[in-house]
Structures are given as C-alpha cells and as structure tokens.
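> Let me give you the structure first, and then I'll get to my questions.
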Amino acid sequence: MKKKKSSVKKSLLYLIFIGIVAITTFFSLIQIHAVKEDAKAEEENLKANIKNTAKSYIHGIDLILLMIENETRKKAVDIQNSVINEYNERTNWNFPLEEFLDGKEYFDINIINNNNIIFKGTNKENIDIDFNRWGRMTEKLDKIRMYGKSDIDGRGSSVITGEPMNYIYKATEDKKYIVEVGVNLSKYADKSHETFIMNNVLKKLVNNNYVVDLEYYDTFGTSYNFFGNDNIDSINISEQDKTYFERAKNNNEIISINKKIGAKTITEEFIPYESINEKGKISGIIKITYDFSSSNKIIIDFIIIIISAVSCIVIFTYITAKKVNVLMAPIDNLLEGMNQVSMGKYDTKIEINTNNEFQILGDNFNDMVKEIDTNKRAVIEQKDEIHSLYEEQIAISKELEKALAANKNTYFETIKALAKAIDAKDHYTQGHCHRVMEYSVAIAKEMGFLDCQLDDLRYGAILHDIGKIGIPESILNKNGRLNDEEYNIIKSHTAIGYDIVKDIEFLSKAKGIIYEHHEKIDGKGYPKGLNGNESSIFSRIVCVADSYDAMTSNRAYRKSMKVEQAIDELEKWKGTQFDSEVVDVFVKLIRNNKLK
C-alpha cells in the first residue's frame, strides 16, 4: 500500500493556529496598555486641577500684594523724593538714610551708583548687590539716567531673602545715582493683615500627595519666599532649570519635563502667570514638581491577564520549537549538501525521507549536482582559456606603457633641444632655461603638487623663452640698457613663443605658461596686463624662477647679483610683481639648500 505523504502546508497551518494564540496574548497586552493610558489621563486631570488651584492661590496672593502696593506707594514716593532732595542740596551722601524711614521697617532705601552697584542702603545685606548680573535690568537703569523716567517700577522678589517686594526707581538731578525704594510686602502683610493668609493654602497644596514642591519666580528668576523660610536652598533659579524658565516666559507656554531621580520619575512644569493689573504681561513663573510614582500601581485585575499571556507564550514557544525542529531537519540537510558543493565536492548526495515536498526538493538537488559534476571539466577548460587571454592582455598593456614612456622621453628630448637652441642664440643665458625648469619643479613639489601633475610645468618652464628665437641677436646680446623700441621688441617674445607652440597638441597646456610668465600680480606685466590670480599658478611659479635666475646670472648689461641680494629683491617685490606664496616657498628652498 502506498504511504500517504503529509503536506508542509498542514504544518504551516498548525503554526498559524499557534500564532493566533500569540495574537490573543498581544491583544491582552493592548488592554493593559489601554488601562495604563487611562491612568495617565487621570494624572493629567490631577495636574490640571493642581495647576488651576495653584494659579488661583497665586491670584489671591497677587490681590493682597496689589492692595498693599496701592496703600504704600505714596509713602514710598515721598521717601524717595525726600532722599533725592537731601542729596541735591548736599551733593553727597554723608547723611543717614534711616531717618527717612520714620521707623517703618518694611521700607528699604538703596543708592545705586553709575556702575549699577548698591553702595549705600538701609538694609546692610543689600550693599554690593551688582545689577550687571541681569542684562535687562542694566538696560533699564541706563534709560532711567538718560530720560529720568522709570519703566521698571513694580513687584519683584528680594535677591537676598526671596520675599516679595515692590520697588520704585528715580535718578538724582546730576544723573550720577539712582534711588531705589522698596516695600517688603511680606513684612507689611504681617503688620497690617496679621498674617500672610495665603501661606497656609499654599502649604496645603505643597503637602498634596502628588506635589513635591511649588515655587513662584519673578521674571528675573528670583524665587518669591512666600513661606518666610530663612533656610531656603537657593533664591535664584538653578542653571539646570534656567532654559525651561526662559522658554516658558518668552513663549508664554507651559513647559513640562520629566526627570529621573533614582528609581522614580518626577515631572516638573513651568507655568507662566499673568499680572492682575497688566493683562497679557508675564509677571512670574510658577514651578510645580509632581511625583505620581506612588499612583502607578499594578492593578490586581490585570494579574490574571498577565499570567494568561505568559502561559500562552510558554506554550507557544514549546510547541513551535518542537515543530520547527521537525521542519528544519530536511532544510539543514539541504544546507549541508549545498555547503559541500560550494567546497567543490560535486559527488555529494543528500537523503531526505520525509514523504513530502522536501523529499522532492532533495531529489531535484541531487540531479542538479550530478549535472554540475558532468559540466565541471568544461568550466575548468574555459577558465584556463580566460586566464591565458588575461595574461596576454597584461603583456600588451606593459608594451604600451613602454612605448608611451619612450614617446614621452622623445618629446622631452625634443623640448630640451629647443631650449638649447634658445641658449645658443643668447650666449649670456647658457643653461638658463634648464635652471628655470629645475627651480620651477622644486617650487611646485614643495607647494604640494604631485609629480604626475608637473609635465606641463616642465615643458612650459624649459620653453618659456622660445619666442626669443624670433628676436634679433643684436637686441638680445646688446651691451647696456635697451631703448623703448628695443624693449617692446623683447616683450613680444612671449607672443612669438605662444604662436610657435600653439598648434602642438602635447604643449596645449604649456603654451599658457610661455605666454603669461611675464605677468605681474599688480597687473603691470605683459603681454595682457593680468593681475592677481588671473594668470595660472604655474605661470606665477615660472615668473619667480625666471627672475631669480636672471638676477643671479651675468647679462650683457650687468653682472650677476649675489644670492642674498636676489632674495632681497624677491622679498621686496612679492605681492606686487611676484606671487607671495611662491616667493616664500622659493626662499625657503634656497635657505635650506634644497635646490640642485
């Protein structure tokens, strides 16, 4: 009886069934996630209620402070005017400020000098406070001195104690000093309202299960010490929080950040607060620190879901592992056979007896390997033939390289012959062209040019005076200076040289050097009057090399200069006649004895 083969498809269907179990687990986890999201939403609602409560309490404090400010402002102005009048009469500060307070301890008088520093005051703790720490405050003080009016009168917190204050500012007649009168609103409240009644409300808010801390800063980042605590850690906002504080203030938006402290995460929010009497203007920033870690408990109802999910995962993993092992056995057999074939063992044969599609795949694999083994020799023969063709191509390439080198050498020998013809015509310049070439190549190499880039420079440098072939010898070898007509004829040698070589293909780039090597940086050269970098760098290199060799060689009209004299001339005219970088490199080569 023929044995019935089982199908791989059935095995895959079985795995899909197990996958459904996994999907069920997945949706269980989604349910847990949804409940956590609900918990987060509840947290957001709590935060919103706390924020609104905090704003309401700050609003209440704001009302009380505003009432105190209205009650005390006239007295503060009277004190300020009395102090200024006394100074204007005396023109010095040799009088006690305390006599103007009339025993009112909730007033402070401070005198600010032109350096924006408090140098005299009724509260000794304020002495030496430097307002330059606050850039905006410095600008405001300068405006008070300039215009005599203050636009910074109003509420702030003491940089010493953090207590809420109300300040007014006015400059003396000579503009040398500014008189600041401050009202300690907290002390006044203790006097006139028996207690700062909002403190208890704020303390209750801070003692909330979810609120770790609550602080209120003025626009300069100084904390309002509403609780009258003498042991507060820091009056000013920390450097770590300053960025969030400025963003909340400048953008008028709530900034929320999460911080990791040990095993728990806390949330800090910076909330802009608008002044009662100046709508739309930020008068301070409320900072609330939340800790919801204690509320993020694992809900008991989800324990069963988690246990079920873990159980499904364990069962799925176990069943899948067993089934995959069975399915992978023939695949491993196939992979091992393919590995043997890849190592050249074409007599490999695999056996798969699974009575399914894998067995058919194994039989086809064996047939394929047998066919590869049959064709192996033909492939090896083709490989040998290709290798022979490759060797032949390598040999041809080497012959071409030799021929190219020989051709290049022929070109250069021809060029050197032309250079000798130039030297032969002007017996004062024997070897001049060759030396200019050597100098030019040395400069270019020192400037970082590669040797493969220097053929055009070699050709152009050695042929730079080829145009002198067309100049009469009577002018070339004349003793004494040339007249204007003769000098103009000499100058034409660059154009003559260009015309001689312009149609020679391998000198297509060198011809520019021949044409431009008498151009100057300041544009007073010839034949085109190019300036700066309008001529090529190779032309500017040859210009320096040519001039140096001319100066250090005997000429019909003068004797040669000493090397140091020639260097002095190059240094003198660099930046006008010569390229500064080229001169610096060439002088360095000369001084280091690197020239041949």
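> Report every pair of residues separated by at least 6 positions or lying on different chains whose Cβ atoms are under 8 Å apart, first residue within segment 443-460 and aliphatic (A, V, I, L, M), second in a helix (DSSP H, G or I) and open to solvent by 60 Å² or more (accessible area, probe 1.4 Å).
The qualifying pairs are Ala444/Gln453; Met447/Glu581; Leu454/Lys445.
> While we're on this one: Among the residues of segment 242-257, what is the count of those that are over 26 Å from the mean Cα position of the chain (by Cα), open to solvent by 60 Å² or more (accessible area, probe 1.4 Å) and of a type in the set (Lys, Arg)?
0
> Okay, next question. Would you check which residues across segment 82-119 are under 13 Å from Ala171 (Cα atoms) and touching a residue at least 40 places away in the same chain (Cβ under 8 Å) and list them?
Scanning segment 82-119 gives Val83, Ile84, Tyr87, Asn88, Asn110, Ile111, Ile112, Asn113, Asn114.
> Can you go through Lys51, Lys75, Lys55 and tell me which one is surrounded by 14 or more Cβ atoms within 10 Å (Cβ to Cβ), assigned to a helix (DSSP H, G or I) and in contact with a Lys or Arg (Cβ under 8 Å, 6 or more places away or on another chain)?
Result of the check over Lys51, Lys75, Lys55: Lys75.
> Based on what the data block shows, is Asn353 open to solvent by 100 Å² or more (accessible area, probe 1.4 Å), modelled with pLDDT of 70 or more and either of a type in the set (Gly, Ala, Ser) or out of contact with any Lys or Arg (no Cβ under 7 Å at 6 or more places or on another chain) (or both)?
Against the criterion (open to solvent by 100 Å² or more (accessible area, probe 1.4 Å), modelled with pLDDT of 70 or more and either of a type in the set (Gly, Ala, Ser) or out of contact with any Lys or Arg (no Cβ under 7 Å at 6 or more places or on another chain) (or both)), Asn353 qualifies.
> Moving to a separate point now. Is segment 504-511 home to any residue that is β-branched (Val, Ile, Thr) and part of a loop (DSSP other than H, G, I, E, B)?
yes
> Please go through segment 85-122 and give me each residue that is open to solvent by less than 20 Å² (accessible area, probe 1.4 Å), under 53 Å from the mean Cα position of the chain (by Cα) and over 23 Å from Lys187 (Cα atoms), ordered by number.
Ile112, Asn116
> Now for a separate question. Just give me the residues in segment 154-180 being under 24 Å from Tyr224 (Cβ atoms) and open to solvent by 60 Å² or more (accessible area, probe 1.4 Å), in sequence order.
Arg155, Ile160
> Output the residue which, of all residues in segment 464-480 that are of a type outside the set (D, E, K, R) and either in contact with a Leu (Cβ under 6 Å, 6 or more places away or on another chain) or part of a helix (DSSP H, G or I) (or both), is surrounded by the most Cβ atoms within 10 Å (Cβ to Cβ).
Taking the candidates together, the pick is Ile466.
> Of the residues that make up segment 485-501, is at least one in a loop (DSSP other than H, G, I, E, B), of a type outside the set (Ser, Thr, Tyr), open to solvent by 60 Å² or more (accessible area, probe 1.4 Å) and at pLDDT below 95?
no
> Could you list, in sequence order, all residues of segment 431-456 that are open to solvent by 40 Å² or more (accessible area, probe 1.4 Å) and outside any helix (DSSP H, G or I)?
Those that are open to solvent by 40 Å² or more (accessible area, probe 1.4 Å) and outside any helix (DSSP H, G or I): Met447, Gly448, Phe449, Leu450.
The values are calculated or read from the model by the stated rules, or taken from the named source; none is laboratory data. Here the structure is a predicted model, which means the values were calculated and not measured. Because the Cβ atoms are built from the backbone with ideal geometry, glycine has one as well, and the counts that use them run over all protein chains shown. Note: areas computed on protein heavy atoms with side chains; ligands, DNA, RNA excluded. Shrake-Rupley method; radii C 1.70, N 1.55, O 1.52, S 1.80 Å.
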